[in-house]
1. Taking a cut-off of 34 Å, what percent of all Cα-Cα pairs in the chain are separated by more than that?
2. Take the chain, connect every pair of alpha-carbon atoms lying under 10 Å apart with a spring to form a Gaussian network, then pick out the residue of SER137, SER185, SER73 with the largest mean-square fluctuation.
3. Among DSSP bridges having both ends in the chain, what percentage is antiparallel? Round to the nearest 5.
4. Can you tell me the Rg and the Dmax, both Å, for the Cα atoms in segment 98-208?
5. Report, in deg cm²/dmol and to the nearest 500, the calculated mean residue ellipticity at 222 nm for the chain, where each DSSP H run with n ≥ 4 adds -39500 (n - 2.57) and the sum is divided by the residue count.
6. Could you pull out the trypsin sites (Lys or Arg not before Pro) across segment 151-216 that fall in loop regions by DSSP (anything but H, G, I, E, B) with no more than 15 other Cβ atoms inside 10 Å?
7. How much length, in nm to one decimal, is gained on full extension between ASP55 and SER146, taken as 0.36 nm per residue of separation minus their Cα-Cα distance?
8. GLU37 to GLU192: extension gain in nm, 0.36 nm per residue of separation minus the Cα-Cα distance?
Amino acid sequence: MYEPFIARLAERLAMPRVIKPQTQRQLARHCSEASDEVEALLRRATEWLEEEELDLVFAAQFTPDREDQIAVSDLLYHWRPTPDQIDRMTPDVCRRQPQAIIVLPGDVKAPLPLHEVMAERFIRLLGLQRTAEPCVSAALREILPSNMWPTATALLRQRGFTPRRQHWFVSFVAHMSRQHSISESLLATAAEFVAEVPRLEIDAMMRNAGELVKAAHGLVSHARGGRAYWSADVAQHHHYRGQGAVDENLVQNRQDEEERLRQIEADLQTFDPDTDA
């Protein structure tokens with residue numbers, strides 16, 4: 001399974017990636033924002049920049065997103081890479097895929113030599129050392145719709161998940177699924193909650209959930225209040241442009257987050273990890 005996994009990693013790294021704002025800001029320290037200069041720098045980045053600079057400039061560009069995480073989930077169903085295999089992945093991927101493609105403004109596709117520091121970051125942040133045990137993945141596959149299972153196993157590799165928390169999460173998701181339907185966003189919020197909560201003890205978790213609900217409600221109220229400048233001097237400098245304007249999308253996002261946390265709080269009230277396991 002190692003070779004197919006290397007091929008999948010190379011495939012993801014070969015996909016054209018739109019340049020991130022953070023990357024643009026870092027590149028601006030080394031050249032102007034003119035596309036031709038940026039393209040030239042990208043082509044010879046590994047010659048012109050030190051390894052530490054490469055890591056800093058392209059950190060955001062080679063941080064795997066949710067889709068990258070999901071894309072490798074099926075290959076990790078019955079296979080967990082060993083620490084030695086994880087160490088070998090970076091040079092093996094770079095040999096297979098020597099360059100990446102960065103999409104600049106104007107849909108200009110610029111080649112970028114794939115340095116090991118870039119591939120290493122991408123692989124490290126996949127959280128492969130936290131790949132769930134096959135029994136955990138299989139249990140999630142039984143609980144969730146087939147289109148959500150890869151997302152769930154990807155979520156279990158995020159920082160904070162230990163084997164115990166992974167097992168606990170599966171039991172909680174099973175309980176939630178018996179109470180109501182589970183959306184992908186609710187699943188992600190629940191995973192983040194379980195990964196970050198200090199202790200897996202119901203009473204403490206319910207208090208944590210309640211605090212998060214209150215905080216989320218405060219963010220909804222703040223968003224409804226509209227844009228506000230932190231400083232009167234800054235507001236005056238900008239002639240108060242946009243002050244009080246309400247971002248309806250932000251309000252809706254805040255409301256959705258509050259509702260998901262309320263649902264988790266309610267599910268915790270009826271969850272018994274001893275009987276639901």
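Values quoted throughout were computed directly from the atomic coordinates according to the rules given, and no laboratory measurement underlies them. Here the structure is a predicted model, which means the values were calculated and not measured. Note: ideal-geometry Cβ built from the backbone for every residue, glycine included; neighbour counts use all protein chains shown.
1. The answer is 37 percent, as a whole percent.
2. Checking each option, the largest mean-square fluctuation is seen for SER185.
3. The answer is about 75 percent antiparallel.
4. Cα radius of gyration and Dmax of segment 98-208 are 17.8, 54 Å respectively.
5. After summing the helix terms and dividing by residue count, I get -18500 deg cm²/dmol.
6. ARG159, ARG199
7. Length difference between fully extended and current span is 29.1 nm.
8. 51.7 nm
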